[in-house]
Amino acid sequence: MDNRLEEIISSFQKVSGKITLLTGAGISAESGLPTFRGKDGYWKLGSKEYRPEEMATMRMFRQAPYEVWYWYLYRRSIYGNAEPNQGHTAIAELERIYQNSFTLITQNVDGLHLKGGNSPERTFQIHGNINFMRCLNNCSNKLIPIPKDIFYTDRDGQISEEDKERLVCPDCGSITRPHILWFDESYNEQFYRFETSIKTASETDLLIVVGTSGGTTLPIHIGSIVTNRGGYIIDINLEENRFSDMAKAASKGCALRGKSGDILPKIAELLSK
Ligand code: NAD
Ligand code: ZN
């Protein structure tokens, strides 16, 4: 593989520092889950098509709660059938090697990292998890598992009255919401590990960024914190993106073009030596 990569990995191994993985929708693409790009990203409501940036908002939920809920329940039904791929498995292997020096920060809401063997303690799901809901009124911080049999695989369907009655808070009876950070909401510690992610970045010696275009603020901030303090950065992506620019500009960076399922196992092997 790339000489630059080997150089970075062997220098990192000499300092025996902390390693952080930062992942996005691209790592789950090889498990068959669409990213938000292309035709899969659009969603039809009535006669209009909406982008995820419009659907995934509190604004849209207030206007059309069960339509937004349906969009999540439909995606969740597809995600539920997916299996982790070699990229997820390699990241789980890195946690086994590095243990307390390892952190995974993921923008994915599909839960595949946990299914692939990463621990909930060391996995920060900074945009939430599609398998959980919580009270819209915030009467408690409880994350409630969405019942497994609420299952919709038809793109054009709607939620049954019976299921609507199950999407309620057990404590106050309010409607629940998906446990997802929406585009018109802010990060916080309580649900999304915001401060802990920043602290982790400030202690990271090697950041490996996988399959993200860099369109959200916290991931970009994490990349800047690590590179500003002189940490190593490796970007893995099919395309150029904001992190590959960051990696190329950094004195200790490298950008790898290719599929995460091919590249990550090789990196995990180098890091295990
Ligand atoms: P994005 O859709 O903006 O970008 C995906 C990136 O992955 C692109 O840069 C693309 O080139 C790259 N990519 C695609 N296939 C790849 C592969 N096999 N190997 C390596 N790279 C590959 O995704 P994002 O940056 O994560 O931002 C989108 C937002 O959408 C996030 O907030 C996330 O929560 C949400 N989202 C999550 C899922 C999921 O949980 N699986 C799916 C879609 C969207
Ligand atoms: Zn409640």
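What to note about this one:
- Failed item, numbered, when S272 is tested on (1) under 18 Å from the mean Cα position of the chain (by Cα); (2) modelled with pLDDT under 95; (3) polar (S, T, N, Q): (1)
- Note on segment 5-14: among residues that are in contact with a Leu (Cβ under 9 Å, 6 or more places away or on another chain) and open to solvent by 10 Å² or more (accessible area, probe 1.4 Å), the one that is nearest to S213 (Cα to Cα) is E6.
- Considered as a group, the residues in segment 50-66 that are open to solvent by 20 Å² or more (accessible area, probe 1.4 Å) and aromatic (F, W, Y) include one that is nearest to ligand 1 (Cβ to nearest atom), and that residue is Y50.
- Pick from segment 18-32, criterion among the aliphatic types (A, V, I, L, M) and touching a strand residue (DSSP E or B) at 6+ places or on another chain (Cβ under 8 Å), ranking: surrounded by the most Cβ atoms within 10 Å (Cβ to Cβ): I27
- Among the candidates S202, S186, S174, S160, residue that is over 25 Å from S260 (Cβ atoms), open to solvent by 10 Å² or more (accessible area, probe 1.4 Å), of a type in the set (S, T, N, Q) and within 16 Å of ligand 2 (Cβ to nearest atom): S174
- Checked against the criterion of being without any contact (Cβ under 8 Å) to a residue 60 or more places away in the chain, open to solvent by 40 Å² or more (accessible area, probe 1.4 Å), of a type in the set (A, V, I, L, M) and at negative phi, segment 243-260 contains one or more residues that satisfy it.
- Residues located in segment 67-123, provided they are of a type in the set (D, E, K, R), within 16 Å of ligand 1 (Cβ to nearest atom) and open to solvent by 50 Å² or more (accessible area, probe 1.4 Å): E83, K115
- Some residue of segment 73-91 being closer than 18 Å to P147 by Cα, in a helix (DSSP H, G or I) and of a type in the set (F, W, Y): yes
- Pairs meeting the criteria (first residue in segment 174-196 and on the phi > 0 side of the Ramachandran plot, second residue away from ligand 2 (no atom under 15 Å from the Cβ), beta carbons under 9 Å, at least 6 apart or on different chains) are R193/I105; R193/F124; R193/Q125; R193/I126; R193/Y187; R193/T200.
- Every residue from segment 106-143 that is outside any loop (DSSP other than H, G, I, E, B), free of Cβ contacts under 8 Å to residues at least 40 places away in the same chain and either among the β-branched types (V, I, T) or within 16 Å of ligand 2 (Cβ to nearest atom) (or both): T123
The values are calculated or read from the model by the stated rules, or taken from the named source; none is laboratory data. Since the structure is predicted, the reported quantities are computational estimates derived from the model, not experimental observations. Using ideal geometry, Cβ is built from the backbone for each residue, glycine included, and neighbour counts are taken over all protein chains shown. In case anyone asks, the SASA skips ligands and DNA or RNA and just uses the protein heavy atoms, side chains included. Shrake-Rupley method; radii C 1.70, N 1.55, O 1.52, S 1.80 Å.
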